[in-house]
Amino acid sequence: MFERFTEKARRAIFFARYEASQHGTPYIETPSLLLGILREDTDVRARVPRTGAGQYTQLIAEVELLFPKSSGKISTSVDLPLSRVAKRALAYAAEEADQRHHKVIEPLHLLWGLLTAGGPETACLNAHGVTLATVNEDLARSQPPRV
């Protein structure tokens, strides 16, 4: 499944797994994916401060509030599966890359997939100016020229 994912996209998923284990969740949920993407990709992270200083830190804090209160961390040696919604977000990312004739799946595609899947982090992203429309614009600019 991950053969088309760039190294940055794979690392974002790795960091999502880490975030899930640190928050004590038994699945990699969409908020974990968002935190993984933001941790890994400075290009995606640079899109957040559109509305002023401190927005990135505030976004992280808002996303972390989406995690349920847990009794502790889960060992990083435990395999954590993707939740149904997280799988759907990754599938949307792959479909969008295909639609745009992109050969690889980048973190920006993952962000598009998250926004399309409509998990609880979507409202946080929208409040900080990161919407499906803005990500569509960014993906359109990154589209390879048609031959």
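The values are calculated or read from the model by the stated rules, or taken from the named source; none is laboratory data. Every value quoted in this text rests on a predicted model; they were computed, and no experiment measured them. Cβ placement follows ideal geometry from the backbone for every residue including glycine, while neighbour counts extend to all protein chains displayed. The protein model used for the area step is the full one, side chains on, heavy atoms only, and it has no ligands, DNA or RNA in it. Shrake-Rupley method; radii C 1.70, N 1.55, O 1.52, S 1.80 Å.
The modelled label-to-label distance for the pair SER75/ALA46, using points 7 Å beyond Cα in the direction of Cβ, is 4.1 nm. Surface analysis of segment 1-118 yields an accessible area of 51 Å² per residue, using protein heavy atoms and a 1.4 Å probe. Taking 14 Å as the cut-off, the amide N atoms of segment 84-123 that come nearer than this to a point 7 Å along the Cα-to-beta-carbon line of ALA140 belong to 100.
For the chain, the longest piece that avoids every one of the trypsin sites (Lys or Arg not before Pro) found in DSSP loops with at most 14 other C-beta atoms within 10 Å covers 1-68.
Under the simplified labelling scheme, the LYS87-GLN99 pair shows an inter-label distance of 2.2 nm, with each label point 7 Å from Cα along Cα→Cβ. Using every pair of distinct Cα positions in the chain, the Kirkwood expression returns a hydrodynamic radius of 15.3 angstrom.
Binning the C-alpha pair distances of segment 32-103 at 5 Å intervals from 0 yields a P(r) profile of 3, 12, 15, 21, 21, 15, 10, 3, 0 %, listed from the shortest bin outward.
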